[in-house]
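One structure is given here, and the rest of the page talks about it.
The values are calculated or read from the model by the stated rules, or taken from the named source; none is laboratory data. Quantities reported herein were computed from a predicted structural model and do not represent experimental measurements. In this analysis, Cβ positions are derived from the backbone assuming ideal geometry, glycine residues included, and neighbour counts consider all displayed protein chains. Keep in mind that these areas ignore ligands, DNA and RNA; they rest on the heavy atoms of the full protein, side chains included. Shrake-Rupley method; radii C 1.70, N 1.55, O 1.52, S 1.80 Å.
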Amino acid sequence: MAMLIFKAFSALLSYPSAEMRQALPEIAGVIRASKLVGPAERKALLALVAEIGEGDLLVAEERYVDLFDRGRALSLHLFEHLHGDGRDRGAAMVELKALYAGAGFELTASELPDYLPVVLEYLSQRDMAEARDMLADCAKILASIARSLLARQSRYAAVPQALLVIAGEKPLEAVDVKPVREPADMLDRDWAERPAFADAGPSGGGSTA
């Protein structure tokens with residue numbers, strides 16, 4: 001039951017389809033019941049659930065696309081933050097896909113192994129020690145995504161923030177993140193000047209998430 005929280009996180013970071021919205025009450029129940037989620041993180045996550053479920057579906061879809069499909073700073077493909085579009089990304093993808101295959105976790109033809117909802121779906125089938133290790137290995141990426149979301153004052157920041165806590169890291173303080181109103185490509189240029197992961201190599205768990 002404990003690992004269901006990762007499936008809930010995976011759903012929250014996925015495109016808000018009608019089917020996903022129908023599952024929101026169940027997702028909220030998992031969040032409320034999880035001992036891995038502290039009071040502050042739970043409140044933020046439930047606010048995100050409410051936001052995804054309210055109003056017209058098209059508005060939720062547009063909000064999602066505006067955040068996650070318009071620039072690398074907010075990309076949910078983890079290796080984009082490490083390797084960009086370079087050759088190393090392909091090798092890291094192969095390694096991560098092999099890890100999944102070794103655990104009997106199969107991807108669909110359309111899924112990339114470094115997509116955060118896919119990583120979380122995988123972790124929902126593993127034990128807590130492996131989940132924490134994998135999340136700790138990509139903590140810098142999670143912190144960067146959280147920072148970019150907080151800068152845009154998005155409730156989606158609740159998910160990477162909660163993942164940081166589960167990984168044993170401190171979540172970011174929203175008051176320390178300067179709000180920005182620029183488009184996502186402006187955020188990309190900002191983060192390109194300050195690479196957070198220059199010291200994160202492709203070896204060990206860091207290459208898998």
Mean Cβ count within 10 Å, highest first, over the residues of peptides 47-58, 136-147: 136-147, 47-58
Accessible surface ranking that places the most exposed of Val119, Val30, Val175 first, with a 1.4 angstrom probe: Val175, Val30, Val119
Set of lysines near Lys140 by C-alpha distance (under 22 Å), chain-local residues within fewer than 8 positions excluded: Lys7, Lys97, Lys170, Lys178
In Hz, Karplus ³J(HN,Hα) per residue of segment 14-29 (6.51, -1.76, 1.60; θ = phi - 60°; x = Gly, Pro): 8, 4, x, 6, 4, 5, 5, 4, 5, 8, 4, x, 5, 4, 4, x
Cβ crowding within 10 Å averaged over residues, with 155-162, 104-111, 75-82 ranked highest first: 155-162, 75-82, 104-111
Cα centroid separation, segment 3-75 to segment 112-134 (Å): 17 Å
Mean projection area, nm², convex hull over Cα of segment 7-111: 8.3 nm²
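Residues of segment 1-141: accessible area per residue at 1.4 Å, in Å²?
Values: 7000 Å² over 141 residues.
Here the per-residue accessible area is 50 Å².
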